[in-house]
1. Are there any pairs with C-beta distances below 7 angstrom linking a residue in segment A:329-357 that is modelled with pLDDT under 95 to a residue that is aromatic (F, W, Y), with the two at least 6 apart or on different chains, and if so which?
2. I'd like the full set of residues that are touching a residue at least 12 places away in the same chain (Cβ under 8 Å) and either surrounded by fewer than 24 Cβ atoms within 10 Å (Cβ to Cβ) or more than 11 Å from B:F360 (Cα to Cα) (or both), limited to segment B:408-420.
3. Please give the number of the condition B:S87 fails out of (1) farther than 20 Å from B:A146 by Cβ; (2) buried (at least 24 other Cβ atoms within 10 Å of the Cβ).
4. For B:L630, state whether it is surrounded by fewer than 22 Cβ atoms within 10 Å (Cβ to Cβ), out of contact with any Lys or Arg (no Cβ under 6 Å at 6 or more places or on another chain) and within 12 Å of chain A (Cβ to nearest Cβ).
5. So for segment A:665-674 (the condition being farther than 15 Å from A:F550 by Cα, at the interface with chain B (Cβ under 10 Å from one of its Cβ atoms) and buried (at least 24 other Cβ atoms within 10 Å of the Cβ)), does at least one residue qualify?
6. Condition check: within 14 Å of chain B (Cβ to nearest Cβ), in contact with a Ser or Thr (Cβ under 8 Å, 6 or more places away or on another chain) and part of a helix (DSSP H, G or I). Does A:A490 satisfy that?
7. Read through the list (1) of a type outside the set (A, V, I, L, M); (2) buried (at least 22 other Cβ atoms within 10 Å of the Cβ); (3) modelled with pLDDT of 90 or more, then give the number of the only condition that A:G46 fails.
8. Out of everything in segment B:388-407 that is aliphatic (A, V, I, L, M) and touching a Ser or Thr at 6+ places or on another chain (Cβ under 9 Å), what residue ends up being surrounded by the most Cβ atoms within 10 Å (Cβ to Cβ)?
Protein chains: 2
Amino acid sequence: MTIYFGIIYGVTIIAVLAIIILSKYIFKQEKGNPKMQEISNAIKEGAMAFLKRQYKTIALIAIIVLIIITGANYFANLSKGSSDATSIAWHTGVAFVMGALCSAISGYIGMYMTVNCNVRTAEGARKGLNKALQIAFRGGAITGLAVTTLSLFGVSTLFLLFGGASGNDTLIKEAPSLIVGFGFGASLVALFAQLGGGIYTKAADVGADLVGKVEAGIPEDDPRNPAVIADLVGDNVGDCAGRGADLFESTAAENVGAMILGVALYPIFGVKGILFPLVARALGIIASIVGIAFVKVKNEDEDPMKELNKGYGITTILVLIFLIFNVRYMLTGTLPDGSEVNTWMLYGCAVTGIVLGYAFVLLTNYYTSVNNRPVKEIAKSCETGPATNIITGISMGMESTALPVLFISIAIFTSYKLGNAALGNIPNAGLYGTAIATMGMLSTCAFILAMDTFGPITDNAGGIAEMSGASEEVRLVTDRLDACGNTTKALTKGYAVGSAALATFLLFSAYLDQVKSILGKPLESWYSIDIGKPEVFIAGFIGVMLVFLFSSTAIRAVGRAAQYIIVEVRRQFKEIPGIMEGKAKPDYARCVDIVTKGALKEMVLPGILVITTPVLVGVLLGKEAAGGFLMISTIAGVVMALFLNNAGGAWDNAKKYIELGSFGGKKSEAHKASVVGDTVGDPFKDTAGPSLHVLIKLISTITLVFVALFS
Amino acid sequence: MTIYFGIIYGVTIIAVLAIIILSKYIFKQEKGNPKMQEISNAIKEGAMAFLKRQYKTIALIAIIVLIIITGANYFANLSKGSSDATSIAWHTGVAFVMGALCSAISGYIGMYMTVNCNVRTAEGARKGLNKALQIAFRGGAITGLAVTTLSLFGVSTLFLLFGGASGNDTLIKEAPSLIVGFGFGASLVALFAQLGGGIYTKAADVGADLVGKVEAGIPEDDPRNPAVIADLVGDNVGDCAGRGADLFESTAAENVGAMILGVALYPIFGVKGILFPLVARALGIIASIVGIAFVKVKNEDEDPMKELNKGYGITTILVLIFLIFNVRYMLTGTLPDGSEVNTWMLYGCAVTGIVLGYAFVLLTNYYTSVNNRPVKEIAKSCETGPATNIITGISMGMESTALPVLFISIAIFTSYKLGNAALGNIPNAGLYGTAIATMGMLSTCAFILAMDTFGPITDNAGGIAEMSGASEEVRLVTDRLDACGNTTKALTKGYAVGSAALATFLLFSAYLDQVKSILGKPLESWYSIDIGKPEVFIAGFIGVMLVFLFSSTAIRAVGRAAQYIIVEVRRQFKEIPGIMEGKAKPDYARCVDIVTKGALKEMVLPGILVITTPVLVGVLLGKEAAGGFLMISTIAGVVMALFLNNAGGAWDNAKKYIELGSFGGKKSEAHKASVVGDTVGDPFKDTAGPSLHVLIKLISTITLVFVALFS
């Protein structure tokens, strides 16, 4: 066991060193001229102010939830005559607080890096593409590494503290269940971070565009638009803070789920089966660090996307190699029939997961990039007006769910069968196979997150260059990086939803294990969720409905929050004289303030909806129904997220495709129609879609935490 | 038994008499001036030509399917060593042909009545509102009665022929399973009728509007538009032929499902439990005839909707009374513990179903009528352009799924628990409770169908009045009826999806019973569909995906078919001189011809998708997975259909609300934005949504028919 913790904490130290080196690199870069710094400072201030207020709101909700879960766990276990009631309650509570704190820190780091890298990237663009790329990507890399390392460190340390280091079999086996609170805390914060950030970014975007571009006729990112800083702040709070928290909780929740499954296979693997997911994560971080080091463009005409893909490829290959050792050394053991575990087959599970991750990135690319049929067809439909654009986009988005679902199905099926074959069909063997696949898929997570955070940094850099009146040459560099950042943002969303889908099955099994242990059944027994029972069927119905209702409230929240800013921008245009001639400065801060308040207000309702529904279903309809709810809402959530993300991404790029000169180019009727699609797609792909990723995992962790309450 | 068949065939004769009396009334009405007759004849010709060609295509597909099902059933049963292989195969084949034929006849009757009533309604409008209402509604009533009576007659007769009259217990108990082919044949035809009709109607509508209204700037239903006849034909083939076949198969499939469940309770109820659904249907027809007789407006200013609601209310009250006797006389018996069946509780199940039907109509009305918040909010969002209109409409449509799902859940739960309580918790008791609820809900079906067919008749009458240059006064009457028809069309869609949802659980139980009988297990045993198994989970994933993919192909098909007609209308405007001045007549027939071909071509792909997927899932993943697929795709299908129908209906009425003078009225920017929403909503509510109702039931009947093939 010592060696594994050696690897885990060794990697943690290496990652921290890498973060320090990268940070030193970033902070020694120049921050550009005073005008650029002024803009950058405004963004920084706005973003930090939002985060501060958002965290206050979340903290309030988290404290209420904390009281409820510790109290509920205490009394539920007490009433069942469990002697551990106090212990379970405080462990869960502590883990919850840790999870929530780490998630919040992840979001903070993501945001802090972006607001410091954006202006440096803009300045770096003067020195050429490679410099700008280095700054933006290394800034993203810091976030990626910090978030994944924090997740690894948090889960590992809690495991050690909660009995993992005791050397006592019973305590070791109990420890993973006590950490579920960590996943729940993380997902609770992630949900609100993603929701609040998603609402903020799109409300500011829609508001700035509608009054600025459409009504006043000034270009995007024009400094005369009072909402322009709010818009740039939005990119940070949505894509960085939101996605950082999202992927933090992905890695955390899925680690905990896999560890709980490891307990079920304790007779075969011992503690190694529980530690396997943590070591896999640690090795993935090393692979990502190497991949990150390889990203650089050699000549200035090169496509930066190519370099990012190269880095991703290197990371993937390294992970494929590392996991051979990981699986073959850790997952050995003797089966009940006396034969040995077939570790190559288990490695096959890991490969399945890694391949699925890659496939999701490719599929997302197919459906959302300007080079392929879907986006071109949507762009063509703009010629006959906004209605046909919307119809084509919606139908294309719905179509885009098919292949990913087939791939997920094949991956689950393959890894399940391989797991069973490797472990001689003992109970939970197949499930552990899917757990290994999930670990495989998530092992490249640090690199993916680096690519993701790269997006808003380049987006901001472009905005700063535009607003500070940089030269055409510099703008060309930032534009190229920005286009590349849009692609990475879309791809990482595909990856996030894919990993959520694969992880479902894992988290579901963890739930079943918890149910068994509460019912006093052995972990080797089979607990079935029979959809033929009316309670389970009804729960499934409500689960699908929740996905629709949640998407509805998230989308609507954007519209509502946008209204606030529209009114304010109109007011400023009317009341501040000389604003349109560029003589008077608009009141940026007030816009930031208004959209902050609006977004925070609007995030509460959908958030509460997600937290209360699973608990109500479990309490009213029972444990089995809660299991059905969990599974079916996840299925629907994944499919809906694919639809929303891909439709939104495709509309966005259909507009870009027309702006590049097709079907009449900018200012044509087709372009006007394409703007409508883009606006509709914004809350789809940046608010509702990503929030659904979190919703899926939150439902899993919430049912895990509250299971003691269910009838 | 004789008395029950006496009731069934007696009601059949009464219904036929009522149909003859109503037809005589219709055909003695005047057909208007030559111009009106000319238009009406053009519609009639186009509609009949479409139906003829559509039926040819469907016949071809049906013959292929017939060969496959008889062959597959024969060999599957043979390979299992069943001595009945030949018998099962030919019974299923005969039932399939009967079902397909009856469904086709239902569609034909619906269409025939509409094309004959439309011009008479337009002429009747000269004599006042009541006359026009009488003609239109009685025309609809003929369709409603014909379709439900045909379904009752078909199922009853097949049951008699297939062993129901043998007096032999074993043969009687086998008979219901042999009729499943009837439901499958009916749903197969219904799917293509609804898809083909739905694609036709919206392609013609979109095509006519885009070139006529938007490009050429001529009003709707203007005789100069070459696509105007195709548009009017579309109302018939989509709403009459399509919905007629849809509700025919609803009643057929659900009767068969309930009868199979009746077999499981044979020890308690004997043959009465199997015949109960048929007698309930017969009594519902009587109640509907009385309700229909009560529809008339007394003074010319009255709202016709009020009268229709009165008729519906009377039908509902009569059904509530009739079912007391039906339940209390037929569902008596002695339970294994010696106590008597509690028939009042079973009556409670029936009441639950009837109330659910009413609730669905009210909820649909809330979300789609101009008098309530949702439509008003969507209309308001048009002020900020098409993008906000689309966003609000989509989010409202998603929201509108919540309450119906809650109501379905409560209804299933209540009727299940009541069934269990009434029958002392014996196996299948709860399921029989939900079956009784479904019968309750569907007992008002004939009246609902009359209201539904009323819609296209009034729509057509309005078109004929417009095109023939009728006076302002006449137009006012037809406009009022048309508005009322739009409401009834929306409400009946809500009813259709509600009944599909409730019926799912019933059809699912029928599937489980079939599985048990194939596995040689007693019907009293419990066969569980465990969603924790990877095959079942994957099947569920594919099921939800199928709903999205099917909606996508259905929506896209409309766009594609519309392209054909757009090209043709543009060509005629260019090549036929004097067409815009009204001097030359456009070539209506060619437009009808082109959209016919286009719609039939485009309906094949989505149709094949729905037929093959469940069979593939069953063959590859097994019986349990097929059960999971069936349940979860149904849940998703119901929620998606609610979303599509309600969003489409709300956009339509938001446009109407603006046209009535709000937010700037006609020709305002808000109105333009509202037209975009209306266009997007058209394929939602008239193609994809209604086709999903059929899809849900088709998946049930297809798995029932092919279950012998599943591994």
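The values are calculated or read from the model by the stated rules, or taken from the named source; none is laboratory data. This is a predicted model, so every value here is computed, not measured. Heads up, the Cβs are rebuilt from the backbone with ideal geometry, glycines too, and the neighbour counts pull from every protein chain shown.
1. Matching pairs, first to second residue: A:M330/A:F276; A:L331/A:F269; A:L331/A:F276; A:G333/A:F269; A:L356/A:F407; A:G357/A:Y495.
2. To start, the set of residues in segment B:408-420 that are touching a residue at least 12 places away in the same chain (Cβ under 8 Å) comprises B:408, B:411-412, B:414-420.
B:A411, B:I412, B:T414, B:S415, B:Y416, B:K417, B:L418, B:G419, B:N420, listed by residue number.
3. For B:S87, the failing item is (2).
4. Numbers: surrounded by fewer than 22 Cβ atoms within 10 Å (Cβ to Cβ): no; out of contact with any Lys or Arg (no Cβ under 6 Å at 6 or more places or on another chain): yes; within 12 Å of chain A (Cβ to nearest Cβ): yes.
So B:L630 does not fit the description; no.
5. Among the residues of segment A:665-674, at least one is farther than 15 Å from A:F550 by Cα, at the interface with chain B (Cβ under 10 Å from one of its Cβ atoms) and buried (at least 24 other Cβ atoms within 10 Å of the Cβ), which makes the answer yes.
6. Details: within 14 Å of chain B (Cβ to nearest Cβ): no; in contact with a Ser or Thr (Cβ under 8 Å, 6 or more places away or on another chain): yes; part of a helix (DSSP H, G or I): yes.
Criteria not met by A:A490.
7. Looking at each condition in turn, A:G46 falls short on (3).
8. Quick first cut of segment B:388-407, residues aliphatic (A, V, I, L, M) only: B:390-391, B:394, B:396, B:398, B:402-403, B:405-406.
Those still in the list that are touching a Ser or Thr at 6+ places or on another chain (Cβ under 9 Å) too: B:390-391, B:394, B:396, B:398, B:402.
Details: B:I390: 30, B:I391: 25, B:I394: 28, B:M396: 26, B:M398: 27, B:A402: 19.
Looking at residues that are aliphatic (A, V, I, L, M) and touching a Ser or Thr at 6+ places or on another chain (Cβ under 9 Å), I get B:I390.
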